[in-house]
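Report on one structure; see the data block that follows.
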Amino acid sequence: SFASHAAIAIDNAQLFAEAQQNAARYRALFDVSVALTSSLDLDKILDVIVERCQLLTGAAAAGIFRADVEAGVLTYVRVSGVSGEFLRGLRVRLGEGTAGRAITERSPVWTADILSDPTMALSTDTRILVERDGYCGVLSIPIFIKGEPYGGLSVYWWQPHTVSPAEIEVMTALGGQAAVAIDKARLFDDERSGRASLTALLDVNKKIGLLAPTDTLLTGVAEEAM
């Protein structure tokens, strides 16, 4: 009877702890959403995403990679917790490692220990960089914007780490928020660039309307074109 009561108490305690963890994750995701929607600066958005990836998962490092589908490679545009040499040197092929597979499979991909996992194909250069930085566990989430691959998110652990369903869920939610924020920032940049072009054209029209001397007019047109 005592053992039965103890089992119920332990089960209730575990459920309570899980509920608290879930509540904390949802609060953190809400905070991320507020942070991402408060800015249209792409650089700031990328910094926030990397920072919150580490915060939400407790990972030792995090990174954002971009996909060049035509070249068939991924390059990292932001990392935290790993060396600058890793950022500059890593060129992952599509289908390679967790990041490359996440893009081709369009789903989260993880490994508890990337160097000893036979399902993780790594080039010689990639393996050397991974061995040098020393991480083991990796989780990668793809980011697609309007159906097209933008890149993705990766988090790293320095010890072998079995990724939990909760970590996959949180990172997937963060990847969705990142896709919306990045898309808005790119649209804003395109709109701002378009407005600048229209302004330059209006200035050219004004100069033409003033019937300025030919040399002055051509110089003005060249300046606006630049």
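The values are calculated or read from the model by the stated rules, or taken from the named source; none is laboratory data. This one's a predicted model, so the numbers in the text were calculated from it and none came from an experiment. Every residue, glycine as well, gets a Cβ built from its backbone with ideal geometry; the counts of neighbours run over all protein chains shown. Remember, those area values only see protein heavy atoms, side chains included, never the ligands or the DNA or RNA. Shrake-Rupley method; radii C 1.70, N 1.55, O 1.52, S 1.80 Å.
Checked against the criterion of being touching a Pro at 6+ places or on another chain (Cβ under 7 Å) and surrounded by 21 or more Cβ atoms within 10 Å (Cβ to Cβ), segment 115-136 has no qualifying residue.
For segment 145-166, which residues satisfy the criterion of being open to solvent by 50 Å² or more (accessible area, probe 1.4 Å) and either within 18 Å of Cys53 (Cα to Cα) or β-branched (Val, Ile, Thr) (or both)? Spell out how you get there, then give the answer.
Filtering segment 145-166 for residues open to solvent by 50 Å² or more (accessible area, probe 1.4 Å) gives 146, 148, 158-160, 162, 165.
Trp158, Gln159, Thr162, Pro165, listed by residue number.
If a residue must be over 20 Å from Ile168 (Cα atoms) and open to solvent by 30 Å² or more (accessible area, probe 1.4 Å), how many such residues does segment 82-114 contain? Number satisfying all stated conditions: 9.
Applying the set (1) acidic (Asp, Glu); (2) farther than 25 Å from Ala166 by Cβ; (3) modelled with pLDDT of 85 or more to Asp117 leaves exactly one unmet item: (2).
For segment 65-79, does any single residue satisfy the condition of being of a type in the set (Lys, Arg), crowded, with 18+ Cβ neighbours inside 10 Å and in a strand (DSSP E or B)?
Yes, because at least one residue in segment 65-79 is of a type in the set (Lys, Arg), crowded, with 18+ Cβ neighbours inside 10 Å and in a strand (DSSP E or B).
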